[in-house]
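*Asks:* Let me begin by handing over the structure; questions about it come next.
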Amino acid sequence: MPARPRPETLLLLAAAAVFAVLLFGRLSHPLLWQDEAETAVFGRRVLEVGYPKVHGPKGVLYEFGPDEAVGVKEGLDAYIGTTWGHFYLAAPAVAWAEGARDLYAQTFRLRLPFALTGAAGVAVFALAALPVYQGERRRQILFAALFLLLSSLSISLVLHLREVRYYPVAVLLGGAILALHLRCAVLGRGWRRRDALALVLLLVLLFHFFWAGFAAFAALLLGDGLLRALRARAEGGRRVRSALAGPAAVLVSLLAVAPWLVFFETFRVARAFAGDLGPTPGTFVANLAFVLRHFLRYELLGPVLALRVAVLGIQARARARGAPGLPPESLACASFLAAFALGYALLLCGNPLVYERYFVVLGPVLSLIFLLDAFALLEGVPRGLAPARRRASARGLALGLVGVAAASALLRGPEIRGRLEEIARPYQGPLDFAVAYLREAYPAPEELVIATNYAPHVYAWYLGCRVVGGLGGGDPLAAAGRAPDVVIPRRRWPRGQAELWRLLAQGGYRPRVLPVEDRHFNNAPSLSRSAAMPDPHRFRTPRSDDPRGRLTLYELRRGPAR
C-alpha cells in the first residue's frame, strides 16, 4: 500500500493550487495597459535591432517626457528612461505572442513568462527561511505551505506578479539575494566563493531590472555585513574574513554596475523623473505615510508589528531571568528581515515620487517575519511546562495566531473577492473596447495613424500602427504628415489633450462612443490610491450610463461607413 500523504503535504499542495489560481487565472485579461505595452513594444525593437531603439519606421517609442535629450541615448538612439532587463526578458514572449491573431492569446503569451518568474520568486522566498528548520522536514513543509497561503492573501503581490514589467523579476532576484544573505551571514553558515559570486551576479541583474531596488539592497546588505564583521572580531581573523566576504561581494557589484550607471545616465534621468518635486522632508514624510497605510491595509504589517513586540518582550524577560529564550536562529532571521524592511522603505521613500510597485518585494518579507516569529513562539513559549500544559499552551497560541491571520484576511476580503470575481467574469478596460473596435472596423489597422494623449504604446503593440501625440515626448501630431485617421482624447489626462481638441475643432471627424467608462488606465495593479496613481486596480469592467463619461473615438469621415 502506498503511504498516505501527510497533512502538511496536502496543505502545501492546496496552498500552491490556490496561489496558482489567483496568479494565473485570466492571465489574458485585460489587454495590456501603458506600462506593460511599453515593455512589449521595446521587446519588439530588441528583436528588430538588438536594443530598445526609440525611432523606427512606425514613429517614436518614447513616453518619458517632452525633452528627448533626457531619456534617449544620443548616437545609439536608445531608450534610457529605464534599464533594459525587462525588455530583453519580454523579447522571446513578443516573438511567441506575434504568432497569435487573437488579442487575448497575445496578451496571455506576453504575461506568462513574467507570471512564471513571479511564481518562482514566491517559491524562492518560501525556501529562504527553510535552513532555519534544517533536518525538520515536516516543519519545513508546513512553513512553505503557510507562506504560500499568506502570499495568496496578498492580492497586491498577486496583481504585480502578473505584469509585463520588472516587478516579478524584482521579487525573484530579491528573494534569492535575501536567501543567500540569510544562509551565509545571518545563520552563520559562511560565505563560500560560489555564494559570493552568486550574490554579485544577482545584484547586477537586479540593477538591470530595477536600479532603485539594487541601490537599496546593496546599501542594506553592505551595512549589515560590515556590522557582522565588527562583531566577529572577538572570534578571530577567520570569522572576520568570512563575514567580510558578503560586503566585498556587494562592493564588487557596485564596481560592475558603474559603467552602466554612466551609460544609462542614471542620476540625471532620476532627477528628470522626479521633476520639480525634489526630496524634501515633507515629501519624505508623505511617502512614508503612504507606504505605512498600504502595508497596514493590504499586507501583514499590523500582525507583524504585534508579534514582533510580543517576541522581543518575551525574549527580554527570558534574558533577565537567565532562562532559555526563543529559538535563536528564528529570531536572528526575523530581526534581520524586520530591519531590512524598515531600511528598504526608508531608502525608497527618499524618492520624491513613489509607487506601490517599488515596495512589492516587502510583501513576502513581511510574511516571512510573521511565520518566523509565530513558529518561534510556538516552539519557545511552552518550554519548561509539563507535557500536558505544553500541548495546551501550544494549541492556544496556534489558535491565536490563526485568528490574527484570519482577521488580516477579513480586512483584505474585498480585494480577495474582487480577484475571484475578475477571474469568473473577465475585466475589460477602456482599451479592450477601443482596440477590439479598431481591429474589427478597419481592414488594415496597421496602416492607421492614431492621435491620442495617453497609452500610445497599447495601439502600437496590438494594431502595429503609427501613434502620434502621447502623454510625454512621443511623436508630435505634426510628425504624422497627414490628418490622423482616429483621434482618441483621454479626458482624465490633461497633458496633451488641448492639442487634440484643437485638431478636432477643425472638423472632419465623427464620434464613436464606446460602451465603457474612460478611466485613467486600462487597469493598473496598484491597490493604494495616491497622487501618482489616481485610479487604482478595478475588479469590474467600468461601464457608464452617462455618454459624457464614456470613451469616445473620433474617426476621420473618409473612414468606412457604419
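*Asks:* Averaging sequence separations of C-alpha pairs under 8 Å and six or more residues apart, then dividing by the length of region 301-368, give the relative contact order as a whole percent. Don't jump to the answer; show the numbers that get you there.
*Replies:* On the way: 20 pairs, mean separation 21.2, N = 68.
For region 301-368, the relative contact order is 31 percent.
*Asks:* I've got another one for you. Can you give the helix-only mean residue ellipticity at 222 nm for the chain, where every DSSP H stretch with n ≥ 4 adds -39500 (n - 2.57) and the sum goes over all residues, rounded to the nearest 500 deg cm²/dmol?
*Replies:* Numbers: 21 runs with 335 residues, N = 562.
Dividing the helical sum by the residues of the chain leaves -20000 deg cm²/dmol.
*Asks:* Could you work out the relative contact order of region 430-556? I mean the mean sequence separation of Cα pairs under 8 Å and 6+ apart, divided by the number of residues, in percent. Spell out each step's value before the answer.
*Replies:* On the way: 218 pairs, mean separation 32.3, N = 127.
Normalised by residue count, the contact order of region 430-556 is 25 percent.
*Asks:* How far, in degrees from 0 to 90, does helix 137-153 lean away from the longest principal axis of the Cα atoms of the chain, to the nearest 10?
*Replies:* Tilt relative to the chain: about 30 degrees.
*Asks:* Tell me, in nm to one decimal, what length is gained between Leu353 and Ala274 on full extension, where the rule is 0.36 nm per residue of separation less the Cα-Cα distance? Present the calculation step by step, with values, prior to reporting the outcome.
*Replies:* Details: separation 79, 0.36 × 79 = 28.44 nm, distance 0.63 nm.
Value of the extension gain: 27.8 nm.
*Asks:* In addition: Report, by chain and number, residues whose modeled amide H sits under 5 Å from the one on Ala455, excluding near sequence neighbours (fewer than 5 apart, same chain).
*Replies:* For Ala455, the qualifying residues are Leu471.
*Asks:* Could I ask something else about it? At 20 °C and 1.002 mPa s, what whole-number value in µm²/s does Stokes-Einstein give for the translational diffusion of region 162-275, with Rh from the Kirkwood sum over Cα pairs?
*Replies:* On the way: Rh = 14.9 Å.
The diffusion coefficient I find is 144 µm²/s.
*Asks:* Rounded to the nearest whole Å³, what is the per residue volume of the convex hull around the Cα atoms of region 505-552? Write out the running numbers ahead of the final one.
*Replies:* Details: hull volume 5.2 nm³, N = 48.
Once divided by residue count, the hull of region 505-552 is 107 Å³.
*Asks:* How many nm separate the modelled label positions at Arg491 and Val240, each set 7 Å beyond the Cα in the direction of the Cβ?
*Replies:* 7.0
*Asks:* What does a probe at Leu251 reach in region 198-222, counting residues whose amide N is under 19 Å from the point 7 Å along Cα→Cβ?
*Replies:* Taking a point 7 Å out along Cα→Cβ of Leu251, the residues of region 198-222 whose backbone N falls under 19 Å are 198-204, 215-222.
*Asks:* Something else about it: Rounded to whole Å, give me the distance from the Cα center of region 140-189 to that of region 15-55.
*Replies:* So the separation of the two Cα centres works out to 21 Å.
*Asks:* Considering only DSSP beta bridges whose two residues both sit in region 430-556, what percent are antiparallel, to the nearest 5?
*Replies:* Details: 8 of 15 bridges.
Restricted to region 430-556, the bridges split so that about 55 percent are antiparallel.
*Asks:* Give me P(r) over the chain, computed from all C-alpha to C-alpha distances, binned every 20 Å, as integer percentages.
*Replies:* Spelled out per bin, shortest first, that is 19, 50, 25, 5, 0.
*Asks:* Relative contact order of the chain: what whole-number percent is it, with Cα pairs under 8 angstrom and at least 6 residues apart? Don't skip to the end; give the middle numbers.
*Replies:* Numbers: 873 pairs, mean separation 97.2, N = 562.
Over the chain, the number comes to 17 percent.
*Asks:* Which percent of the Cα-Cα distances in region 430-556 go past 22 Å? Walk me through the numbers on the way to the answer.
*Replies:* Details: 2628 of 8001 pairs.
Across region 430-556, Cα pairs with separations above 22 Å total 33 percent.
*Asks:* Give me the number: length gained by fully extending Ala483 to Leu288, i.e. 0.36 nm times residue separation minus the C-alpha to C-alpha distance, one decimal in nm. Provide the component values of the computation, followed by the final result.
*Replies:* On the way: separation 195, 0.36 × 195 = 70.20 nm, distance 4.69 nm.
Length gained, Ala483 through Leu288: 65.5 nm.
Values quoted throughout were computed directly from the atomic coordinates according to the rules given, and no laboratory measurement underlies them. This is a predicted model, so every value here is computed, not measured. With ideal geometry, Cβ positions are generated from the backbone for all residues, glycine too; neighbour counts draw on all protein chains shown.
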